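The next block holds one structure in the form of structure tokens; read it before the comments.
Each value in this text was obtained by applying a stated rule to the coordinates, not by laboratory testing. All figures in this text were calculated on a predicted structure; none of them were measured in a lab. With ideal geometry, Cβ positions are generated from the backbone for all residues, glycine too; neighbour counts draw on all protein chains shown.
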Amino acid sequence: MSSRNPSGDLFSLMAPPMGPMPRGLGVSIAPGAIPVAAHTPRTDRHAQVRREYDVMEGDGNTRRIIVRTKREIWALDELMKAGAFGCTPIDNPGPRWSGYVYKLKRNHGLSIQTVNEAHGGPFKGTHGRYVLRSTVRAVESEAA
């Protein structure tokens, strides 16, 4: 038994129970209705996107891939623009370069090389430079 809890009862240390909720602060639900979580409607940020690309294989065959997320489309376009120089999170800021590269490799079979480079400055360390080794060409959309 401690001096802070003379009775030794653990329940005496707990906060007192809350009273009933004041009226008007809760959500009223009709009897028999199923409550649905409130959410904001989808915005253009969540709109379905897709871009098609042709990938030239080493044997000369071409296959078509469809990339369906804006971030992966952005990353692939940046890699294509950079060419043999490649992209880094320092030169091409993006929140998850390693994740985009991983998904492009895993989901679409693209060959992307990661070259580790050292950098200086107040937070010196290393970063990856991502170089697209596959030959990729964006397919022009047939807009009507």
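Consider only pairs whose beta carbons are under 7 Å apart and that are at least six residues apart or on different chains; among these, list those whose first residue lies in the range 60-73 and is without any contact (Cβ under 8 Å) to a residue 60 or more places away in the chain and whose second residue is part of a helix (DSSP H, G or I) and among the aromatic types (Phe, Trp, Tyr).
Qualifying pairs under 7 Å: Arg71/Tyr100; Glu72/Tyr100.
Considering only residues of the range 78-101 that are of a type in the set (Phe, Trp, Tyr) and surrounded by 13 or more Cβ atoms within 10 Å (Cβ to Cβ), which is farthest from His119 (Cα to Cα)?
Filtering the range 78-101 for residues that are of a type in the set (Phe, Trp, Tyr) and surrounded by 13 or more Cβ atoms within 10 Å (Cβ to Cβ), the one farthest from His119 (Cα to Cα) comes out as Tyr100.
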